[in-house]
Amino acid sequence: MEDVRKVIESNNQLFVQAVQQKNAAGITDLYTKQAILIPSGSANIQGSEAIHSFWVTMLNSGLTDLALESKEIQAGGEDQVRESGIAHLTLQNGEKEIHPTSGYVVLWRLEDGAWKIDIDIMF
C-alpha cells in the first residue's frame, strides 16, 4: 500500500504541474479512457475528449494553480484505490485573484499498468 500511496502522490504532483503549465492534455492523461468527472453543481462528464474539454475550459477561465491535500488514501482491492482530500485552487478573475477550496473523492484504477483517475468527484 505504501508504494501505491507514493504513486498517487506523484500523480497528484503531475496533475498540479499540468495545471500550472496550462497543459490540459497532461491532466487528461492522468484519467482512464472511460473516466467520469463529476464537477460540483454540473452534469457528469465522461471519456477522454469530454474531460479534456472540461480542463481546457477551466484553464482558460482563470485556473492558474492548485494544491491537493490528500486526507485519506485507502486500497479497495488489487486494482483500485480511493483518495479523498481538499483541493486549494487559485483563480484569476481579471485583476483579482481568488482562492476557493473544494473537497474531492477520487477512485484510482490500474489501467495498462498505470494508476489513473477513474472517477473524480468534486464538491
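Read the figures in this text as sums done on the coordinates, not as results from a lab. A quick note: this is a predicted structure, and the numbers were derived from the prediction, not measured. Note: ideal-geometry Cβ built from the backbone for every residue, glycine included; neighbour counts use all protein chains shown.
Hand me the GluC sites (Glu not before Pro) from region 24-87 located in a DSSP loop with no more than 12 other Cβ atoms within 10 Å, in residue order please. Please list the in-between numbers first.
On the way: sites: Glu49, Glu69, Glu72, Glu78, Glu83; in loops: Glu78.
Of the GluC sites (Glu not before Pro), the ones in loops of region 24-87 whose Cβ has at most 12 other Cβ atoms within 10 Å are Glu78.
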Practice problem: Find, among the trypsin sites (Lys or Arg not before Pro) in region 3-82, those assigned to loop by DSSP (not H, G, I, E, B) with at most 16 other beta-carbon atoms within 10 angstrom. | Solution: Lys22
Exercise. Work out, step by step, the length gained on full extension between Lys6 and Glu69: first 0.36 nm times the residue separation, then minus their alpha carbon distance; give nm to one decimal.
Key: 21.3 nm
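Counting each DSSP H run of 4 or more residues in the chain as -39500 (n - 2.57), what helix-only mean residue ellipticity at 222 nm follows after dividing by all residues, to the nearest 500 deg cm²/dmol?
The helix-only estimate for the chain comes to -9500 deg cm²/dmol at 222 nm.
By average Cβ neighbour count within 10 Å, what is the ranking of 117-123, 56-62 from highest down? All intermediate terms of the calculation are to be shown ahead of the outcome.
Working: 117-123: 17.9, 56-62: 13.9.
In descending order of packing, they fall as 117-123, 56-62.
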Self-check item: Leu91-Glu49 pseudo-label distance in nm [points 7 Å out on the Cα-to-Cβ vector]
Solution: 2.8
